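*Asks:* Let me begin by handing over the structure; questions about it come next.
Here, each number is a calculation from the coordinates, and none is a lab measurement. The shown structure was predicted, so the numbers you read here are calculated from the model rather than taken from an experiment. Note that we place each Cβ from the backbone using ideal geometry, even for glycine, and neighbour counts take in every protein chain shown.
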Amino acid sequence: MSDATLDELIEAWSAADAGLSTAEIDRRILGFGALVRAIAEHGRATPAAFAEATGLSPAEASKVIGGLAAGGIQVDDAGDVVGAALTTLPTPHRFRVRQRDLFAWCALDTLFLPGLLNETAEIHSSCPETGTEVHLTVSPDRVEACRPRGAVLSVVNPHALGRDRSTGPASPT
């Protein structure tokens, strides 16, 4: 796989949002943030709590959650969101915040979730190639600690995979 520049990665990840209005993108970001904060606090986001947090009607909230579920978020049998980058379902990326053990869908998510939550998190993961344990402390502003020193993160260019973008628990990152 070839190396991509940061600009190329941003362009590839943003391809699915091409043509959306700024208002629609802002609405999606607000909704995503509300889901992540509810999962961190309660382990789930009910449609009613999502509606309240976003100012949507209950019917609109359920419709949005249904659309997001089609795009990869994790919804349980009751219709509650249990995964949106941050999840209650085990993955290789343990994410400890607010005295709660949660998980992240991918290693990259562990770096932006503390900023979204405005909380410091302890991350425990392992290198998929060597199995080496990786431990991070990530504040909202930066990586505060990293063991082993010099650990790096690779990300997949979705164009190289032959699709515009893959998100969610089945993403290749």
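*Asks:* Going by Cα centres, the stretch 33-53 and the stretch 83-138 are how many Å apart?
*Replies:* Cα centres, the stretch 33-53 to the stretch 83-138: 18 Å.
*Asks:* When Asp109, Asp101 are ordered from fewest to most other Cβ atoms inside 10 Å of their Cβ, what list results?
*Replies:* Numbers: Asp109 23, Asp101 12.
Fewest-to-most Cβ neighbours within 10 Å comes out as Asp101, Asp109.
*Asks:* Around Thr110, what is the net charge, scoring Lys/Arg as +1 and Asp/Glu as -1 over all other residues with Cβ under 12 Å from its Cβ? Walk me through the numbers on the way to the answer.
*Replies:* On the way: positive: Arg94, Arg96; negative: Asp109, Glu122.
Counting the neighbours of Thr110, the net charge comes to 0.
*Asks:* Moving on. Go through 38-45, 88-95 and give me the packing order, highest mean Cβ count within 10 Å leading. Spell out each step's value before the answer.
*Replies:* Details: 38-45: 19.2, 88-95: 17.4.
So the peptides 38-45, 88-95, ranked by packing, come out 38-45, 88-95.
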